[in-house]
Amino acid sequence: MLSQREYEKLKWQLKNIPSTIKGRPRQNLRTTLRKKIHEHELASTYPTFTPSNFQQFFINFQTTDLTLLHLIEACAASTNFILDTESVGIYQGPNKPALIQIQIILPTSISYVLIIEVCHLPPIHETTFQLIKQFFTTLFSSGKTIYIWGEIDELNDFTTTGLFTLDQIKLSNNNNFQDEFKDYWTKKHPHQTRSQRSTNELPCQCESCLGINPTDTWSLQNAVAYELHQWLDKRFTRSSFDIGLDPQLYHFNTNEIEHRTRLTRYAIYDCLSIYQLLLKLNLINNPQQSTVTLITSIEENIIEQQPTIIDAEQISSDESEPEREPQQYNLLSEEERKRIHNRSCTLKQRKRYYQNTIIINNIDRRFKIKQIKAIIRSYDVPFFAVNFSTSSTTRQRSLHIGIRDSSQIDHYHNRIKHLFTTSHFYEFISSQRNRSSYKDDRTRRSK
C-alpha cells in the first residue's frame with residue numbers, strides 16, 4: 001500500500017500531466033496513474049484476498065513422471081477447470097508466453113493448481129514432455145468445462161510449445177466467465193436513483209456509478225472487490241514470469257526465492273479468485289468438506305501418490321463425535337489405468353532409447369524413416385531408434401538418432417552428419433534408381 005503522501009502525489013500527477021506529453025504516451029501515463037490509485041483505494045477498503053484450500057504443482061523439466069501421471073488421473077476424473085496465462089511484455093514485439101495456470105477442481109475440499117512454466121519445459125522427445133502433452137490432451141477432451149477470464153484465444157500463442165494444437169483449443173468446451181460475470185452484474189445491479197433507494201441502502205452499484213464503463217469488460221480485480229469484498233493484488237501484472245518460479249529449478253538465494261514466491265502467489269490467486277466467484281454465483285457445486293485419499297495406479301500395484309488431506313475445519317472439539325472413515329476416489333477405470341500404464345512404459349522405453357542421441361539439424365524433409373535407417377546401417381552405426389522433430393517457429397526438421405554405444409557417439413556423428421542434406425537426397429534417389437535398373441536388366445537377361 002501507498003503512504004497517504006504517495007497517494008496524494010499520484011492524484012496530483014494525474015490532474016497535472018504536462019502538456020508536452022501528448023498522444024499515446026499521455027494516454028499510457030494516465031492509465032498507469034489511474035491503476036496505481038485504484039489499486040491503493042481497493043487495498044485501503046478491502047481485506048487481502050484469502051484463497052480456499054489448494055495444493056500447488058510446478059510443471060517443468062524437474063517434474064517427476066509419477067507426479068504427472070497422478071495429475072493426468074486427477075484431470076481425467078474432474079469435469080471443471082480454471083485456466084489463466086501469464087506472458088512477458090517485449091518492447092516493440094509480441095508478448096512472450098511464460099506461464100499456464102490450471103486449477104483442477106476436485107470433488108473434495110481441496111483443489112490442485114498447476115503452474116506450467118513453458119520457458120522451462122523438458123526436451124520434446126523426453127518422457128516428461130510427452131506426459132505434460134498427454135495432460136493437455138486429457139484437459140481438452142469432451143466432458144471437460146474450462147472457465148477462463150476472457151477468451152480462450154489467449155492460449156493460441158502457447159501452441160509454439162508443442163503441448164497442444166489450435167484445433168484442440170478451438171474444440172475445447174471453454175466458458176468466458178468474464179462476459180458471464182458482466183451479464184450477472186448488470187442484471188443484479190441496474191441503475192437506481194437516490195429517490196429509488198431506502199435511507200439505509202448502499203449507494204447504487206451499477207457499472208456507471210462504480211466508475212466502470214458499461215461498454216468495457218470487467219477486470220478480475222474489480223469483480224473480486226465488488227462481489228467478494230476482497231482486494232486481489234495486481235501490482236505484479238508486468239513481471240518477468242519467465243525467470244523460473246520453481247525454487248527447485250536452479251540454485252536461488254533468499255531474495256530470489258522470496259521474489260519468485262510473490263510471483264507464484266500472484267499467478268495462483270488469479271485462478272483461485274475465479275474459483276470463489278464461480279462458487280458465489282452458484283455456477284459450480286461447492287465441493288464436499290471431507291477427508292480424501294487420492295490413489296494413483298501407475299504400475300501393476302497401486303501407488304499412493306498423495307497423502308490423506310484433512311481440512312482444519314474438519315477437526316471438531318466434540319470428543320463424542322464418531323470418527324469418519326476417509327472416502328476413497330478410485331478416479332479411473334481399469335481400462336484407463338491400463339492405458340496410462342502402457343503409455344508410461346512406452347515413454348520410459350523411448351527415454352531409454354534416446355538417452356544418447358545424435359541430433360542432425362536441417363535435414364531434407366523428403367527423407368523417410370525407412371530410408372534413413374537403411375543409410376545409417378550402411379555406415380555401420382548401431383542405433384536403437386530414429387525419429388523426426390520439427391521446429392514450431394522455423395519449421396525446420398531435425399533428426400534424432402538414439403545411439404547404442406555412448407562412447408562412440410562423437411565418432412558416429414562425424415560419419416553421418418552430412419548424409420541427409422538435399423544434395424545427398426538426390427544422390428540417394430539416383431543410386432536407388434540405378435540399382436532398380438540394374439535389377440530389371442538382370443531379370444530380362446535371365447528370361
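Each reported figure results from applying straightforward, stated rules to the coordinates on display, with no laboratory input. In this text the structure is predicted, and so the values were computed from the model without any measurement. No Cβ is skipped: glycine too gets one built from the backbone with ideal geometry, and neighbour counts run over all protein chains shown.
Laid out as a table, the results:
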item: Rh (Kirkwood; distinct C-alpha pairs) - the range 1-154, Å; result: 19.0 Å
item: The range 88-217: antiparallel DSSP beta bridges as a percent of all, rounded to 5; result: 65 percent
item: Interatomic Cα distance distribution for the range 54-303, bins of 10 angstrom, percent; result: 6, 27, 34, 21, 8, 3, 1, 0
item: Global geometry of the range 4-45, whether rounded, prolate or oblate, following the gyration tensor of its Cα atoms and the 1.5 cut on a/c; result: oblate
item: 10 Å-binned pair-distance histogram of the range 359-419 (Cα, whole percent); result: 21, 57, 20, 2
item: Most to least packed among 98-106, 416-424, 54-62 [average Cβ atoms within 10 Å]; result: 98-106, 54-62, 416-424
item: Cβ-based net charge around Lys96, under 15 Å, with every Lys or Arg adding one and every Asp or Glu removing one; result: -4
item: Alpha-carbon centroids, the range 81-137 and the range 1-78: separation in whole Å; result: 19 Å
item: Residues of type lysines that Lys370 reaches as a straight line, Cα spacing below 28 Å, ignoring anything fewer than 8 places off in the same chain; result: Lys133, Lys348, Lys351, Lys417, Lys439
